[in-house]
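The values are calculated or read from the model by the stated rules, or taken from the named source; none is laboratory data. Because the structure is a prediction, the values reported are computed rather than measured. As a convention, Cβ positions derive from the backbone with ideal geometry for all residues, glycine included, and neighbour counts pool all protein chains shown. The protein model used for the area step is the full one, side chains on, heavy atoms only, and it has no ligands, DNA or RNA in it. Shrake-Rupley method; radii C 1.70, N 1.55, O 1.52, S 1.80 Å.
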Amino acid sequence: AQSVTQLDSHVSVSEGTPVLLRCNYSSSYSPSLFWYVQHPNKGLQLLLKYTSAATLVKGINGFEAEFKKSETSFHLTKPSAHMSDAAEYFCVVTRLNTNAGKSTFGDGTTLTVKP
Amino acid sequence: DAGVTQSPTHLIKTRGQQVTLRCSPISGHKSVSWYQQVLGQGPQFIFQYYEKEERGRGNFPDRFSARQFPNYSSELNVNALLLGDSALYLCASSQGLAGSGETQYFGPGTRLLVL
């Protein structure tokens, strides 16, 4: 079984300040973890992914995330928010090394960036 | 290169009707997954197909069915539509199985409204 909990449904930051979007996961197996972003009326876009290599993962647009097995967390961070970062963010877990395919999404975090 | 394409973009049906949604994956991708995204929630996994075989199924009733064709395109069918089936239906393609850590690329979705 696997599940994802995004700890904040809404996060509001000022432009130029750090962003932290929190994600905890539960998985009976070795997980593969992803962060996707969804802008209004646009498709889901991959920000970054973890697949058992380096625990600190760098993605597009200055985002990064750190896999912490002991805390079962995969929080997304960015040093300085930009207005264009305002969107819905989803944390996703899949089971690594399996012939079966199932991805579990969190309920999403809405990021608002204030000028 | 063309991304994942879905048709139609919007659809309005009445309760009890049947609907077929279509998806064309990125060229070279052999896996297609379907998700249902209800307003305000994260996408929920419905099916994954790989090499024309079902490789994963989410917690959806038998009214939902899918198939993958030799050219790797896919159709999602929903019978006996209910009001609760109103949602954005997303298709994602990947080279391999999502469970192997493969990145999924999402289409823009089909928005289904059931009246």
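What residue, among those in segment A:5-17 that are assigned to a loop (DSSP other than H, G, I, E, B) and either within 11 Å of another protein chain (Cβ to nearest Cβ) or farther than 18 Å from A:LYS68 by Cβ (or both), is nearest to the chain's Cα centre (by Cα)? Please lay out each step first, then the result.
The first filter runs over segment A:5-17 and keeps only residues assigned to a loop (DSSP other than H, G, I, E, B), leaving A:7-9, A:15-17.
Imposing the further condition that a residue be either within 11 Å of another protein chain (Cβ to nearest Cβ) or farther than 18 Å from A:LYS68 by Cβ (or both) reduces the set to A:9, A:15-17.
Working: A:SER9: 13, A:GLU15: 20, A:GLY16: 20, A:THR17: 18 Å.
Looking at residues that are assigned to a loop (DSSP other than H, G, I, E, B) and either within 11 Å of another protein chain (Cβ to nearest Cβ) or farther than 18 Å from A:LYS68 by Cβ (or both), I get A:SER9.
Scanning segment A:48-64 for residues that are open to solvent by 70 Å² or more (accessible area, probe 1.4 Å), at pLDDT below 90 and in contact with a strand residue (DSSP E or B) (Cβ under 8 Å, 6 or more places away or on another chain) turns up just one, A:SER52.
Within segment A:45-52, is even one residue of a type in the set (Val, Ile, Thr), out of contact with any Leu (no Cβ under 7 Å at 6 or more places or on another chain) and in contact (Cβ under 8 Å) with a residue 24 or more places away in the chain? Don't jump to the end; show me each part of the working.
Pass one, segment A:45-52, residues of a type in the set (Val, Ile, Thr): A:51.
Add one more test, that the residue is out of contact with any Leu (no Cβ under 7 Å at 6 or more places or on another chain), and what stays is none.
Within segment A:45-52, not a single residue is of a type in the set (Val, Ile, Thr), out of contact with any Leu (no Cβ under 7 Å at 6 or more places or on another chain) and in contact (Cβ under 8 Å) with a residue 24 or more places away in the chain.
Of the residues examined, A:THR112 is one that is of a type in the set (S, T, N, Q), in a strand (DSSP E or B) and more than 14 Å from the chain's Cα centre (by Cα).
The strands (runs of 3 or more DSSP E) found wholly in segment B:62-107 include none carrying at least 2 residues that are open to solvent by 50 Å² or more (accessible area, probe 1.4 Å). Of all residues in segment B:1-26, which are of a type in the set (Ser, Thr, Tyr) and either closer than 16 Å to B:PHE106 by Cβ or within 13 Å of another protein chain (Cβ to nearest Cβ) (or both)? The answer is B:THR5, B:SER7, B:THR9, B:SER24. Across segment B:84-95, the number of residues qualifying as in contact with a Lys or Arg (Cβ under 7 Å, 6 or more places away or on another chain) and either over 17 Å from B:GLN44 (Cβ atoms) or free of Cβ contacts under 8 Å to residues at least 12 places away in the same chain (or both) comes to 1.
Looking only at segment B:28-59, which residues are part of a loop (DSSP other than H, G, I, E, B) and open to solvent by 40 Å² or more (accessible area, probe 1.4 Å)? Step through it out loud before you land on a result.
The first filter runs over segment B:28-59 and keeps only residues part of a loop (DSSP other than H, G, I, E, B), leaving B:28-30, B:38-43, B:51-52, B:58-59.
Result: B:GLY28, B:LYS30, B:VAL38, B:LEU39, B:GLY40, B:GLN41, B:GLU51, B:LYS52, B:ASN59.
Let's see how each residue does on (1) over 26 Å from B:GLY107 (Cα atoms); (2) open to solvent by less than 10 Å² (accessible area, probe 1.4 Å); (3) within 10 Å of chain B (Cβ to nearest Cβ):
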| site | (1), (2), (3) |
| --- | --- |
| A:SER32 | no, yes, yes |
| A:ASN41 | no, no, yes |
| A:LEU46 | no, no, yes |
| A:GLU66 | yes, no, no |
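Sort through A:SER80, A:SER52, A:SER70 and tell me the only one that's within 10 Å of chain B (Cβ to nearest Cβ), more than 20 Å from B:ALA92 (Cα to Cα) and in a loop (DSSP other than H, G, I, E, B).
Numbers: A:SER80 fails: within 10 Å of chain B (Cβ to nearest Cβ); A:SER70 fails: within 10 Å of chain B (Cβ to nearest Cβ).
None of the others qualify; the one that does is A:SER52.
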